[in-house]
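The structure under discussion appears below in the form of C-alpha cells.
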Amino acid sequence: MIYFDNSSTTSVRAEVSRIYAQLIQEAYANPDAMHTPGREVSKMMETSRKKIAEMLKVAYEEVLFTSSASESNSLAIIGYCLANSHRGKHILLSNAEHASVSHSFEWLQSMGFEVEYLSIDASGKVTWQELKNKIRKDTILVSCMHVNNEMGAINPIDKLADVVHMHPTCVFHCDCVQSFSKIDIPFEKLDLVTLSMHKIHGLKGSGILIKKKKVQLMPLIQGGQQEFGLRGGTSNAPVNICAAKTIRLALQEQEVSYDKVQKINQYLRKELVKIPGAHINSPEDAIPYILNVSFDQITSEVLLNALDQKGVCVSAKSTCSSHSKHASAILLHMGYDEKIATHMIRLSFDKDNTIEQTKEFIEICKEILKSYGLQI
C-alpha cells in the first residue's frame, strides 16, 4: 500500500499506542473523583497539560483538551461569539475554511450574526489588505486557517493577526491542524488556536484548543467543571495524557520530516508535469506536505477509485467533504475552471513516505491513464 492521505489522518506511533494501551487498563478512574486513583489520574492529565504548555510556550490554563479539531473550532467560534455578542455581531472568515469552521459561521448567521467572507487569491491565500478593508469597529472575530487542507497554501497569519489586533474588540482564531509540527506557528500572536493529534501520529478523539487568558468563551457542552468550566463531561484522561508525548515526538522530528517530505514533493512536481494532461494546482510556495494535482483525462472520483484498486490511498478534496461530488470550491475560488476543479486529487505526505513510493505512484498513474486509452 502507498499511503498518500496523511492530511486526512496518520498512523499512530508505536510509542503512543503502547502508552495508551497501558493507560486504559490502569488509569481508568475518573480524574474528577476524590479518591486516590482519581487524584492520580488527574495528576497525570494535568502534567500532560503543563508539558504541552511548556512546549508551545503558552500558559498552563490556556491549554484545553477536546475530542477533535472540529470541536475545538466550534467551541472557539461559537463559544466566543455567544460570549461576546454585546461587543458586536460582525464576523469574518476566509472562503476556504474547513467545514467545521464554515458551518459554525453559518449557524451563527442563523442566530443573527453578520457573516462576511475574505476571498483567497490565485495562490490560495487571504491577503492582509483585504482583511484591513473588511474589518470594522463591530467585528469581534476573524477566522483563517494557517495551511489550506486541499492546496497547502500558507496564509500570512502574522500579518493577519497584526491587522486584527489593531481592533481591541476583535480576536483572531486560527485552525492550525495542517501546519502544527510541520512549520512554526506564532502562538504568541494568536488568540485561539486549533490542533489535532491524529494528524501528527497521535490518537483520534484527541483535539486541543489554545485559548488566551483574556478570551472569554461560552461553553457548548454543559454539565461539568472540566476544562476550567468550558467543557462538561468526564475527561478522556488516557487520550489527554498521550497528547503530550505525541506533541513532543512530532516537534522533535519537525526539521528532519520537513526536509524529507520536501524532496518527495519536489520529485513529484518534476515528474508529474511530464505526463500529458497533468497539472500541479498547489502554489509553488505551498507547504510540501500537500500536493494538489489533476489530470485532464480523468475525473477525481474515477481516478481516486482506480488508484484505490491499485493500493494507493489519496483524497479528492478535504476528507470531511469527501462524499460531496461537487467541484472543489477551493480551486474555483482560486480561479481554476470547473474541469480542473472536478479532476483534482490531493496527495499528502509524511515522514514515513519514500521516494520509491513516489516513483511507483508515477508509474501507476501512467498505467491508469493508458487503461483509459490514453497515449503516455
May I ask for the angle, rounded to the nearest 10°, between helix 237-252 and the longest principal axis of the chain, with both axes built from Cα atoms and the value confined to 0 to 90°? 50
Charge dipole (region 220-322, unit charges on Cβ, about Cα centre) - positive-most of Q262, I298, G229: G229
Would you mind calculating the gained length between M55 and Q222 on full extension (0.36 nm times residue separation, minus the Cα-Cα distance), in nm to one decimal? 57.1 nm
Percent of beta bridges antiparallel (DSSP, the chain, rounded to nearest 5): 55
Roll a 1.4 angstrom probe over the protein heavy atoms and tell me the percent of accessible area of the chain that is carbon or sulfur. 52
Per the 1/(1 + (r/R0)^6) rule, R0 = 45 Å and r from the Cβ atoms of R87 and K310, FRET efficiency to 0.05 is 0.25
Quickly estimate the mean residue ellipticity at 222 nm for the chain, helices only: each DSSP H run with n ≥ 4 gives -39500 (n - 2.57), and the total goes over all residues, rounded to 500. -12500 deg cm²/dmol
If I build a Gaussian network model for the chain, linking alpha-carbon pairs within less than 10 angstrom, which residue out of S68, S94, S11 has the largest mean-square fluctuation? S11
Past 23 Å, Cα to Cα: identify those pairs from K125/K213; K137/K212; K199/K339; K51/K204, in the order given. K125/K213; K199/K339
Report the extension gain between D158 and E40 in nm, rounded to one decimal, defined as 0.36 nm multiplied by the number of residues separating them, less their alpha carbon distance. 38.5 nm
Compute the angle between helix 300-309 and the longest alpha-carbon principal axis of the chain, please, reported from 0 to 90 degrees and rounded to the nearest 10. 90
The chain: Cα Rg divided by the 2.2 N^0.38 Å rule of thumb: 1.02
Number of Lys-Lys pairs in region 234-328 under 23 Å by Cα, sequence gap 8 or more or different chains? 9
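Can you tell me the accessible area per residue over region 182-225, all protein chains present, probe 1.4 angstrom, in square angstrom?
Accessible area per residue, region 182-225: 41 Å².
Sorting check: for 276-282, 72-78, which peptide has the highest mean count of neighbouring beta carbons within 10 Å, and how do the rest follow?
72-78, 276-282
Could the peptides 171-183, 39-51 be put in order, highest first, of the mean number of other beta-carbon atoms found within 10 Å of their residues?
171-183, 39-51
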With every protein chain present, what is the per residue accessible area of region 240-363 (1.4 Å probe, Å²)? 45
When only Cα pairs under 8 Å and 6 or more residues apart are kept, what is the percent relative contact order across region 117-254? 16
On average, how much accessible surface per residue is there in region 8-117, in Å², for a 1.4 Å probe, leaving out ligands, DNA and RNA? 47
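Per residue and in cubic angstrom, what volume does the convex hull of the Cα atoms of region 1-146 have? It would help to have the intermediate numbers written out before the result.
Details: hull volume 27.2 nm³, N = 146.
Per-residue hull volume (Cα only) is 186 Å³.
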Given R₀ = 25 Å, what would the calculated FRET efficiency be for A21 paired with K212, taking r from the Cβ atoms and rounding to 0.05? 0.10
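The values are calculated or read from the model by the stated rules, or taken from the named source; none is laboratory data. These figures come from a predicted structure and were not determined experimentally. FYI the Cβ positions are ideal-geometry reconstructions off the backbone, even for glycines, and counts take in every protein chain you see. Calculation scope for accessible area: heavy atoms of the full protein, side chains included, ligands and nucleic acids excluded. Shrake-Rupley method; radii C 1.70, N 1.55, O 1.52, S 1.80 Å.
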